[in-house]
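Some notes on the structure that comes next.
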Amino acid sequence: MTTFHDPTKPKHVADRFENKHAAPVGSSAVVATTEEVRVTTPPEICGMGHRMKRKEDPRFIQGKGRYIDDIKLPGMLYMDIVRSPYAHAKILNIDTSAALAMPGVLAVITGKDLAAHGLHWMPTLMSDTQMVLPTEKVVYYAQEVACVIATSRYIAADAVEQVVVDYEPLDVVVDPYKALDDEVIIRDDKELKTNRIWHWEVGDQAATDAVFANAAHVVKQYMHIPRIHVASIETCGMVANYNPATGKMQLYMTTQAPHAIRTVFALVSGLPEHKIQVISPDIGGGFGGKVPVYPGYVVCAVASLLIGKPVKWIEDRSENLQADSFARDYHLEAELAADADGKIVGLRVNGLADHGCADAAANPSKFPAGLFSICTGSYDLQAAHVNFDAVYTNKPPGGVAYRCSFRVTEAVQMIERMADMMAHDLNIDPAEFRMKNFIKQDAFPYKSPTGWEYDSGNYHAALRKAMDMIGYEDLRREQAEKRARGELMGIGISSFTEVVGAGPSRDYDILGIKMFDSAEIRIHPTGKAIARFGTKSQGQGHETTYAQIIAEELGLPANDIEVEEGDTDTAPYGLGTYASRSTPTAGAAAAMAARKIKAKAKKIAAHLLEVNEDDLEWDVNKWQVKGSPEQAKTIQEIAFAAYTNHPQGMEAGLEATDYYDPPNLTFPFGSYICVVDVDSGTGEVKVRRFVAVDDCGNIINPLVVEGQIHGGLTMGLAPALFEEIVYDENGQCLTGTLADYLLPTAVESPKWETGHTITPSPHHPIGAKGVGESPTVGAPPAIANAVVDALWHLGVRHIDIPITPEKVWQALRDAGVTE
Amino acid sequence: MIPGEFDYHSPRTLQEAVGLLQQHGDGAKIVAGGQSLIPAMRFRLALPEVLIDINTIDGLEYIREDDGHLMIGALTRESDLEESALVQQKYHLLADAARVIADPVVRNRATVGGNLAHADPANDHPAVMLAYNAELIALGPHGTRAIPIDDFFVDLFENALADNEILTEIRIPTPGPGSGGAYYKVERKVGDYAISATAVQLTMNGNTCTAARIGLTNVSAVPMRATGAEQALIGKPITNEVLEAAGQAAATECDPSPDLRGSVAYKRDLTRVVTKRAIRQAVERAQGG
Ligand SMILES: Cc1cc2nc3c(=O)[nH]c(=O)nc-3n(C[C@H](O)[C@H](O)[C@H](O)COP(=O)(O)OP(=O)(O)OC[C@H]3O[C@@H](n4cnc5c(N)ncnc54)[C@H](O)[C@@H]3O)c2cc1C
């Protein structure tokens, strides 16, 4: 357990990581911004910048993907789970006899059975602990209590009903502020009898206080960033296949991080790591929810180990929504200070993180509140201080970085709401206010008051472009006319800065494993290739974009490159896909490995052409002699020679591996503008238009980027207007089905209008930044700001997301507006 | 989400289906579109021992006019209602509702008969049929009987059908001259049940309302008529004050429960607003708008 879990010595912890996670890198030359996507290869090669259709899609759209539930092994057994109807209760007795007596039931596994092997507790990725199955008490509603293994899925479900558990209900803590009182201790397994998990501070408190003391204007707001769920279409599942003859454990598993999981399984179970093979097949959405290890996975693997047969566990929708890791759930008290000219000078944030019954976040271990300290956003301010506490409550453990680089969504929601509030208070147009306060293009690399070094940016260009695309000035005129007629229309802006691509090994690790990532490329004699990665696509399109990076570097057609991920027996080690890290890490590794191959190819070409290496220059897909380009060897010719005619003394073959340790994170950004119409009778909000201008540096595939942005914007619309996990006072989850937990559909989504600017990352080998999460991070405050903008003249200053019809109705009626 | 064990029958005729109901008593359940029953079975909230699938019976899916009525076969899919030219031309209230029931995928399977037989106040058809003053035709071992809609909804999920009766047809009186109808629903997203919705069918003589029936959705334990709102309209010229009075009456007489869709206060006020909007639209249609 690392020290930040120890609430007795909180403050010192901050010193360990404050201002240390972003050492200066690269030159300080200003990075120029363009709008033209750079394309250097012809369509046959399809390197970077081509709108290549995704190579993986033909199998997906024909229903030929292979997901966990498609895996059927001979003699396979099925697991189902008995879950707690209480959020906090002592377990007095578990009677499994009736279930065991049913034909087809092989085993009922309880906490006591696991305790015999020391497996009833497991570490979380944040070095906290979490129950696999309880022996003493349950701490959240729908907690796993016992697992039934049977010969059919139906028998397993019937047997679950026959397991009789006697509970003695205990007082439940749902409100994290009540948890702070320590009147009910949730984790009485711990030495320290407190619900407090950690305390964390970053920034300069004294400097921030001084700035606030002299500030002309201060705005202050409490806000809740609600608990939400990734709700991927595919739920979690596993097929565990232990072969007693070979001693090998195959784990087919819905995981975003197969390699790290293998290591953790080895350490926890004692099985040798070479006898564990984690295979992550096609995954129907991860979004951070498939990074943690859930109890179901562990019991499924134990069951296979004990019985010696394959065991399948597939979570159903309600189990997924009720018991898997949540995201967000930050309570924030924010204060923003500005000087007399309307220039932002300082930010102060007090946060309370509700982690449920265990800190099961998947943050890099030195960052208990993730990368929340990016919260000064796109603004150049003098001082900032962030002060955080985390507590246990009777809810499922978490929280995961749902399509966001570790708590950046929370930070962006806060700073963009606060900036808007300040603009409105000062009666300055929110766009003008942002332009005035943005970090200027020539200030990059920019050192933020919380210790980050932003790699590159041009915030003015992105916002200007978004304003032009949407017709900002006309919309403001329309709004004024409508307001005069009593109609409610709002315009909201979000100019976010993301921080993605964890991360440099000096500061970023998960359970001690450094957050590099890897690529291994092998070129076959006929010039085709296989490339394997430590990451794992769950819909991001890696099979296409990685191939395009290699195509760009080597001139091999992207269609000639097979991309493989997710099998720990074949792929190089890596930390997996989440936090928009694949392009910044494994994408960089792809380029670096390709460059190693290119260097060897040069030697082979020199040998074949009988010239000195220095006389060669690279052109798209071949090494050619300077000054006489007709003398050239293509990469395919070189590949063939690497196996048939390589220089004596050189190793045969053409392959390379790269483990890429990024020098810094990447800082994608964008400006989003949203227009809403509000129904003053019903409180309904309709998103009329939404323009998103993203800058993710150099673009590998514009089609894939747009696809990521469309999906991400919809996932940003979701918490803004619809989604929230709700508990009643007994800790019962009220949103356990998709009829209650509201995912927006095509009907609720506006037409997403996308655009881009391109400001490359100066330190990334191909100048790219992550992008998958930008829209999820950037969209919610644009929508929230638009709704508040529509109501500001009525005296409405803030509405917490999700902005439901009832919340708007309440705000309207409070302001005396009715139909 | 694995249902309990059950037997399954797919009769070819209504008589056969009634026979099966007779034989299995209250352990048997009819399945039509399955869009309410199957979810309940997967949560094991419903545990029927026998399922009688009426999808294999011919002649239960139709929409036709006869003898001053619109006849709708119980197995008619919502999507067929939605696409019916007849419904769109003459039965505006029904057409409005068909477009907002569930989502397009559910509407392809869900049936009008199932929607009513389920007796769920959250469903949209009960309020619609209350406003239309529809008649439901049931077939049992001793033949058919007609049940007035006002007598059909007995309790939450409980209708007036006997255990051995099947709902076969819904009859809606064809609206006379000067009539208009409308359905106004507020939902959180497509496919959601109403936060509140109002069904109105009325007749106008000039600017005076001469007859009106109003049904409310999802604001009571049993599908209900807003008789107070009806009285606020009948015999009066339609003015903003009358609309407001009708809306307020509906808000007062409804009896919503608080849930994730909203508090009681919100649902009542929303009922006022949607009732006004539905009446206004129905009046416009009645006046040829
Ligand atoms: C995601 C989703 C959203 C929905 N949203 C809405 C909505 O917004 N508005 C709305 O109105 N509905 C909604 N529904 C419900 C849907 O319209 C159902 O289909 C309808 O309530 C039941 O019709 P069914 O044909 O599917 O009946 P089934 O589910 O097959 O049966 C329902 C009940 O009626 C009985 N039954 C069915 N037919 C007969 C018959 N002919 N005679 C006697 N008993 C019979 C069955 O035994 C059962 O008890 C939604 C459903 C889903 C899944």
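Of the residues that make up region B:88-110, is at least one on the phi > 0 side of the Ramachandran plot and in contact (Cβ under 8 Å) with a residue 60 or more places away in the chain? It would help to see each step written out before you state the result.
We begin by selecting, within region B:88-110, every residue on the phi > 0 side of the Ramachandran plot; these are B:102.
Within this subset, residues satisfying the condition of being in contact (Cβ under 8 Å) with a residue 60 or more places away in the chain are B:102.
Yes, region B:88-110 contains a residue that is on the phi > 0 side of the Ramachandran plot and in contact (Cβ under 8 Å) with a residue 60 or more places away in the chain.
When you scan region B:160-209, how many residues do you find that are among the aliphatic types (A, V, I, L, M), under 22 Å from residue B:135 (Cα atoms) and in a strand (DSSP E or B)? Reasoning before the result, please.
Here is the first cut: in region B:160-209, the ones among the aliphatic types (A, V, I, L, M) are B:160-162, B:166-167, B:170, B:172, B:182, B:186, B:190, B:194-195, B:197, B:199-200, B:202, B:204.
Still in the running and under 22 Å from residue B:135 (Cα atoms): B:160-162, B:166-167, B:170, B:172, B:182, B:197, B:199-200, B:202.
This time we only want the ones that are in a strand (DSSP E or B), so: B:166-167, B:170, B:172, B:182, B:197, B:199-200, B:202.
The qualifying residues number 9.
Just for region B:6-37: of the residues that are hydroxyl-bearing (Ser, Thr, Tyr) and more than 12 Å from the ligand (Cβ to nearest atom), which one is farthest from the other protein chains (Cβ to nearest Cβ)?
The initial filter retains those residues of region B:6-37 that are hydroxyl-bearing (Ser, Thr, Tyr), namely B:8, B:10, B:13, B:36.
Checking which are more than 12 Å from the ligand (Cβ to nearest atom) leaves us with B:8, B:10, B:13.
Numbers: B:8: 14, B:10: 21, B:13: 31 Å.
Restricting to residues being hydroxyl-bearing (Ser, Thr, Tyr) and more than 12 Å from the ligand (Cβ to nearest atom), the top hit is B:13.
How many residues are within 12 Å of the ligand (Cβ to nearest atom), over 14 Å from the mean Cα position of the chain (by Cα) and surrounded by fewer than 24 Cβ atoms within 10 Å (Cβ to Cβ) when one looks only at region B:176-204?
Initial filter on region B:176-204 (within 12 Å of the ligand (Cβ to nearest atom)): B:183, B:185-195, B:197, B:199.
Now restrict to residues that are over 14 Å from the mean Cα position of the chain (by Cα): B:186-192, B:195.
Next cut, surrounded by fewer than 24 Cβ atoms within 10 Å (Cβ to Cβ) only: B:187-192.
Residues in region B:176-204 being within 12 Å of the ligand (Cβ to nearest atom), over 14 Å from the mean Cα position of the chain (by Cα) and surrounded by fewer than 24 Cβ atoms within 10 Å (Cβ to Cβ): 6 in total.
Kindly list the number of the only condition in (1) within 14 Å of chain A (Cβ to nearest Cβ); (2) within 30 Å of residue B:198 (Cα to Cα); (3) away from the ligand (no atom under 13 Å from the Cβ) that fails for residue B:71.
(1)
Residues in region B:203-212: is at least one more than 11 Å from chain A (Cβ to nearest Cβ) and at positive phi?
Kept after step one, since they are more than 11 Å from chain A (Cβ to nearest Cβ), are these residues of region B:203-212: B:203-212.
Imposing the further condition that a residue be at positive phi reduces the set to B:206.
Yes, region B:203-212 contains a residue that is more than 11 Å from chain A (Cβ to nearest Cβ) and at positive phi.
Could you check how many residues of region B:257-289 are assigned to a helix (DSSP H, G or I) and either buried (at least 24 other Cβ atoms within 10 Å of the Cβ) or not polar (S, T, N, Q) (or both)?
Step one: filter region B:257-289 for residues assigned to a helix (DSSP H, G or I), giving B:264-286.
From what's left, either buried (at least 24 other Cβ atoms within 10 Å of the Cβ) or not polar (S, T, N, Q) (or both): B:264-280, B:282-286.
Matching residues across region B:257-289 total 22.
Name the pairs whose Cβ atoms lie under 7 Å apart, with the first residue in region A:595-606 and outside the structural domain of residue A:651 (by TED's automatic domain parsing), the second in a helix (DSSP H, G or I) and modelled with pLDDT of 95 or more, and 6 or more positions between them or separate chains?
none
Give the residues of region B:74-97 that are closer than 17 Å to residue B:180 by Cα and within 10 Å of the ligand (Cβ to nearest atom), sorted by residue number.
Residue satisfying the conditions is B:97 alone.
Among the strands (runs of 3 or more DSSP E) contained in region A:513-576, which hold 1 or more residues that are of a type in the set (Ser, Thr, Tyr)?
So the answer is A:517-523.
Which residue pairs have Cβ atoms closer than 6 Å, lie 6 or more positions apart in sequence or on different chains, and pair a first residue in region B:1-27 that is in the same structural domain as residue B:42 (by TED's automatic domain parsing) and closer than 20 Å to residue B:161 by Cβ with a second residue that is surrounded by 15 or more Cβ atoms within 10 Å (Cβ to Cβ) and hydroxyl-bearing (Ser, Thr, Tyr)?
No pair meets every condition.
Considering every residue within region A:156-175, establish whether at least one is of a type in the set (Asp, Glu), in the same structural domain as residue A:96 (by TED's automatic domain parsing), part of a loop (DSSP other than H, G, I, E, B) and under 29 Å from residue A:259 (Cα atoms).
No: region A:156-175 contains no residue that is of a type in the set (Asp, Glu), in the same structural domain as residue A:96 (by TED's automatic domain parsing), part of a loop (DSSP other than H, G, I, E, B) and under 29 Å from residue A:259 (Cα atoms).
Please go through region B:205-230 and give me each residue that is more than 16 Å from the ligand (Cβ to nearest atom), under 13 Å from the mean Cα position of the chain (by Cα) and not β-branched (Val, Ile, Thr), ordered by number.
If the condition is that a residue be more than 16 Å from the ligand (Cβ to nearest atom), under 13 Å from the mean Cα position of the chain (by Cα) and not β-branched (Val, Ile, Thr), then B:225 is the only one that fits.
Among the candidates A:723, A:773, single out the residue that is within 14 Å of chain B (Cβ to nearest Cβ), at negative phi, charged (D, E, K, R) and crowded, with 20+ Cβ neighbours inside 10 Å.
Values: A:773 fails: within 14 Å of chain B (Cβ to nearest Cβ).
Result of the check over A:723, A:773: A:723.
Within region B:39-47, identify whether any single residue is of a type in the set (D, E, K, R), within 24 Å of residue B:122 (Cβ to Cβ), touching a residue at least 12 places away in the same chain (Cβ under 8 Å) and within 9 Å of the ligand (Cβ to nearest atom), and answer yes or no.
no
Go through region B:98-148 residue by residue and tally those that are under 20 Å from residue B:275 (Cα atoms), within 11 Å of the ligand (Cβ to nearest atom) and of a type in the set (S, T, N, Q).
Residues in region B:98-148 being under 20 Å from residue B:275 (Cα atoms), within 11 Å of the ligand (Cβ to nearest atom) and of a type in the set (S, T, N, Q): 1 in total.
Counting only residues that are surrounded by fewer than 13 Cβ atoms within 10 Å (Cβ to Cβ) and touching a residue at least 24 places away in the same chain (Cβ under 8 Å), which one in region B:124-149 is farthest from the chain's Cα centre (by Cα)?
Here the residue is B:141.
Considering region A:731-757 alone, what residues qualify as being aromatic (Phe, Trp, Tyr) and away from chain B (no Cβ under 14 Å)? Lay out the reasoning, then the answer.
Filtering region A:731-757 for residues aromatic (Phe, Trp, Tyr) gives A:741, A:752.
Answer for region A:731-757, where residues must be aromatic (Phe, Trp, Tyr) and away from chain B (no Cβ under 14 Å): just A:752.
Within region B:169-197, how many residues are within 14 Å of chain A (Cβ to nearest Cβ) and on the phi < 0 side of the Ramachandran plot? Reasoning before the result, please.
Here is the first cut: in region B:169-197, the residues within 14 Å of chain A (Cβ to nearest Cβ) are B:184-197.
Keeping just the survivors that are on the phi < 0 side of the Ramachandran plot gives B:184-190, B:192-197.
Count: 13.
Can you report the number of residues in region A:291-339 which are more than 14 Å from chain B (Cβ to nearest Cβ), touching a Cys at 6+ places or on another chain (Cβ under 8 Å) and in a loop (DSSP other than H, G, I, E, B)?
Number of matching residues: 2.
The values are calculated or read from the model by the stated rules, or taken from the named source; none is laboratory data. Computed from a prediction, not measured in an experiment: that's the story for all the values here. Counting neighbours? That spans all protein chains shown, and the Cβs are built from the backbone with ideal geometry, glycine included.
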